[in-house]
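This report concerns only the one structure given below.
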Amino acid sequence: MSRRDGRDRISIGIWSEVSPGSRWANEGVSRVIGFLIEGAAQTGRLTFRVVVPKGMERTVEDDLSVLAARKGQDWTIHAPDESFMANPNRALDDIEHERVRLLAEFANRHVPVDAWVVAFPFFAGSLDLHRSKAVLFPDALPYDFPVGWPDAFWDECGVWPNWRATSRRVMEGANAVITFSEHVANRHVANLFSVPRAKVHVVPLAPPDLSGLLPFVTERRATRETRCEAAGLLRAHARERGWRYLQDFPFEDVPYVVVSTQDRVTKNIGRAAESVRRLLRRDRVDVKLFTTASVHFGANWTLLPGVIEREQMHRDVVSVPDLPRHVHAALFHCAAAAIHPSFYEGIVGALPFYEAVSVGTPCLMGLGPHVAELLNEEPGLLPDTFDPYDEDGLARLLRTLLEGGREEVLERQRTIYEHLRHRRSWGQVAVEYANAAVAGP
């Protein structure tokens, strides 16, 4: 990574086409962008310039402003001054194409970067960017798990064939492709899309550390005092959101587990809810489940709404979506445990494992290729994993943890977390992203 113009820092653009009103906070790639920015702050060598459509800049700034990084130095946000005014005679497809074309024109003229990182492989507007670029490829989940999507998504001109065709064009037009893991690089990028392996950069994530969001927490340990502080943050946020049930909820006293993810086909939240139901109704173990997923009642592609409705678990499984970063950290800190029941992730390990342990909470993980890759590095985590299809197995593991095994699990995981954190930093990850974007293969 080198400079050509004498500036102190290398500027890497982050290209995003997400429209106003889209989800951002606590989405997987959005969280990674935040961690990269904190990595830039660690190195003092990089500035990430996030480009978004007009109307998204406030949403993104609200999320990034709580990072351990300086606006204007470690990160900036850029959006066009005026929204694209659609010609009413245009077809809708033309309007969308013109919107992203103008966004790229704005970025080329007004955003000074040395190279680009494209946040998703289906962001076709990135093809009009002038500088070199690396495309971030999280995974191709629908092609491993095709069941559960609407049938129309698989029509000849449906969502997923179009996604695959667009992603292929974007990756072909890029200097490099970045994946989070070897299993995605091999199975999806190389085998499914036939991208030359020399063009693929596997850049595993560093362990996220949420402790800086909770300055009252020391040594990644929870005390009565720190739980009360975190619970206060949660209640204050519940009042802001109008969540009446949670406005006076005793988060510091009620045992609960957290599932922090969206409710998608592979996330498997319904089985975690069923495990909690068995603990509550069959075993008489006092525990609730909080999830950051929205609950889509009536949906047939997910088990979660049906479990809640059929078993009348409306106050036993509680949805708390779109939490700000510090409130999200507080939710982990007050929890008895985190659960990540997913049977597939595109990274090495699972973000909730790192995030929970970083603020003093243990995590149980469903087995899948993402966890298998982590176990290759840290086999000591095997006792804290479970078959994601086995509700009774998870219930037994969770009951053991709740009834006296928590501190043993946490101490083991805290030690492993520190090993991983000292082995790889977000500064290293940020530099590797920049190198891939600037240099390519």
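Throughout, read-outs are computed from the coordinates displayed, never taken from laboratory work. Worth saying up front: this structure is predicted, and the values here are computed from it rather than measured.
Given the options Leu420, Leu234, Leu394, state which has the largest fluctuation in a GNM of the chain using a 10 Å cut-off (strictly under) for Cα springs.
Largest GNM mean-square fluctuation: Leu420.
Apply the Karplus parameterisation 6.51 cos²θ - 1.76 cosθ + 1.60, with θ equal to phi minus 60°, to every residue of region 293-305 and state each ³J(HN,Hα) to the nearest whole Hz, in sequence, with x for glycine and proline.
Karplus values, whole Hz, x for Gly and Pro: 6, 6, 9, 9, 4, x, 5, 10, 9, 9, 7, 4, x.
Rg over Rh of region 233-325, using C-alpha atoms and the Kirkwood radius, what does it come to?
Details: Rg = 13.1 Å, Rh = 13.7 Å.
Rounded to two decimals, Rg/Rh equals 0.95.
Principal axis lengths of region 113-170 from Cα atoms, whole Å, largest first?
Result for region 113-170: principal-axis Cα extents of 42, 20, 13 Å.
In terms of modelled amide H atoms, which long-range or inter-chain residues lie less than 5 Å from the amide H of Leu303?
Long-range HN contacts for Leu303: Gly270.
Where does region 7-69 land on Rg/Rh, using Cα atoms and the Kirkwood Rh? Spell out each step's value before the answer.
Details: Rg = 11.8 Å, Rh = 12.2 Å.
Answer for region 7-69: 0.97.
For region 49-63, just list the computed ³J(HN,Hα) in residue order, Karplus coefficients 6.51, -1.76 and 1.60, θ = phi - 60°, integers in Hz, with x standing in for Gly and Pro.
These are the phi-based 3J(HN,Hα) values: 10, 8, 9, 9, x, 3, x, 9, 5, 5, 4, 5, 5, 4, 6 Hz.
For region 300-335 and region 110-189, compute the distance between their C-alpha centroids and round to whole Å.
Using only Cα atoms to place each centre, the spacing works out to 30 Å.
Quick check: from the Cα gyration tensor, does region 38-188 come out rounded (a/c under 1.5), prolate or oblate? Let's see the in-between values first.
On the way: a/c = 1.85, a/b = 1.22, b/c = 1.52.
Here region 38-188 falls in the oblate category.
Counting only Cα atoms, I'd like the Rg/Rh figure for the chain, Kirkwood definition for Rh. Walk me through the intermediate numbers first.
Working: Rg = 21.8 Å, Rh = 22.7 Å.
Using Cα coordinates only, the ratio equals 0.96.
In a Gaussian network model over the chain where Cα atoms closer than 10 Å are linked, find which of Glu229, Glu17, Glu377 has the largest mean-square fluctuation.
Its mean-square fluctuation being the largest, the pick is Glu377.
Taking Cα atoms, how many degrees apart are the long axis of helix 28-43 and the longest axis of the chain, rounded to 10 and kept between 0 and 90?
So the inclination is approximately 70 degrees.
I'd like the orientation of helix 224-241 relative to the chain: the angle between its Cα long axis and the longest Cα principal axis, in ° from 0 to 90, rounded to 10.
60 degrees
Take the alpha carbon atoms of region 285-378, find their radius of gyration, then divide it by 2.2 N^0.38 Å using N residues; give the quotient. Let's see the in-between values first.
Working: Rg = 14.5 Å, N = 94, 2.2 N^0.38 = 12.4 Å.
Taking the Cα Rg and dividing by 2.2 N^0.38 Å, one obtains 1.17.
Can you tell me the alpha carbon radius of gyration of region 291-335 divided by the globular rule-of-thumb value 2.2 N^0.38 Å? Write out the running numbers ahead of the final one.
Numbers: Rg = 12.2 Å, N = 45, 2.2 N^0.38 = 9.3 Å.
Cα-based Rg divided by the globular estimate yields 1.30.
Quick one: which residues, 5+ away or cross-chain, put their amide H under 5 Å from the amide H of Ala206? H built at 1.01 Å from N.
It is none; the list stays empty.
Largest first and in whole Å, what are the equivalent-ellipsoid semi-axes of region 333-428 based on the Cα gyration tensor, each being the root of 5 times an eigenvalue?
Working: eigenvalues 82, 54, 24 Å².
In descending order, the three semi-axes are 20, 16, 11 Å.
Along the principal axes of its C-alpha atoms, what lengths does region 191-266 span, in descending order and rounded to whole Å?
Sorted largest first, the three principal extents are 55, 32, 23 Å.
Report, to the nearest 10°, how far helix 426-439 tilts away from the longest principal axis of the Cα atoms in the chain, using its own Cα long axis and a range of 0 to 90°.
Tilt of helix 426-439: around 30 degrees.
Binning at 5 Å from 0, report for region 211-423 what percent of all alpha-carbon pair distances ends up in each bin.
For region 211-423, the binned pair fractions read 1, 7, 16, 21, 21, 18, 11, 4, 1, 0 percent.
Report, by chain and number, residues whose modeled amide H sits under 5 Å from the one on Thr385, excluding near sequence neighbours (fewer than 5 apart, same chain).
The answer is Met365.
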